Amino acid sequence: MISPALFWFLSLVAFLAAFIFIMWRERNVRFFFYFVFGSLTAFFVFDVPSSILGYYGYSVQHYLIFFFTVPLSMTLTEGFCVAITIYVYEHLPWLFGLLKRK
């Protein structure tokens, strides 16, 4: 059985690897800005209010570094996901064409 901490850090590594691949392939600084603004937006709009209001509780043993009761790895991963989602939306239009109703 896989531990929650191991699963989380393997997920973090997978999203980081995808983000590095995008940065290497595109060589475009705007994906870094998507990462930064996605992280900041997720942190201030979703994570901090949810944590302060008691909707989420994070375990120190799984996430290690916290900032305002939110794990730093969580915030970084959300930024990676924003950049990855924008990349996929821009480069796989045929996939979204299949998902749209006509």
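The values are calculated or read from the model by the stated rules, or taken from the named source; none is laboratory data. These numbers come from a predicted model, not from an experiment. When we count neighbours, we look across all protein chains shown, and the Cβ atoms used for this are built from the backbone with ideal geometry, even at glycine.
One table, with the values for the structure above:
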{"item": "Only listed residue being free of Cβ contacts under 8 Å to residues at least 60 places away in the same chain and either touching a strand residue (DSSP E or B) at 6+ places or on another chain (Cβ under 9 Å) or of a type in the set (K, R) (or both), chosen from L40, L6, L72, L10", "result": "L72"}
{"item": "Spans of helices (runs of 4 or more DSSP H) in the range 1-66 with at least 1 residues modelled with pLDDT under 95 and more than 19 Å from H91 (Cα to Cα)", "result": "4-26, 48-52, 60-63"}
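Listed here are the residues, each with its yes/no results for (1) under 13 Å from the mean Cα position of the chain (by Cα); (2) loosely packed, with under 10 Cβ neighbours inside 10 Å; (3) not hydrophobic (A, V, I, L, M, F, W, C).
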{"site": "W8", "(1), (2), (3)": "yes, no, no"}
{"site": "M23", "(1), (2), (3)": "no, no, no"}
{"site": "R30", "(1), (2), (3)": "no, no, yes"}
{"site": "T41", "(1), (2), (3)": "yes, no, yes"}
{"site": "V45", "(1), (2), (3)": "no, no, no"}
{"site": "P49", "(1), (2), (3)": "no, no, yes"}
{"site": "Y56", "(1), (2), (3)": "no, no, yes"}
{"site": "V82", "(1), (2), (3)": "yes, no, no"}
{"site": "V88", "(1), (2), (3)": "no, no, no"}
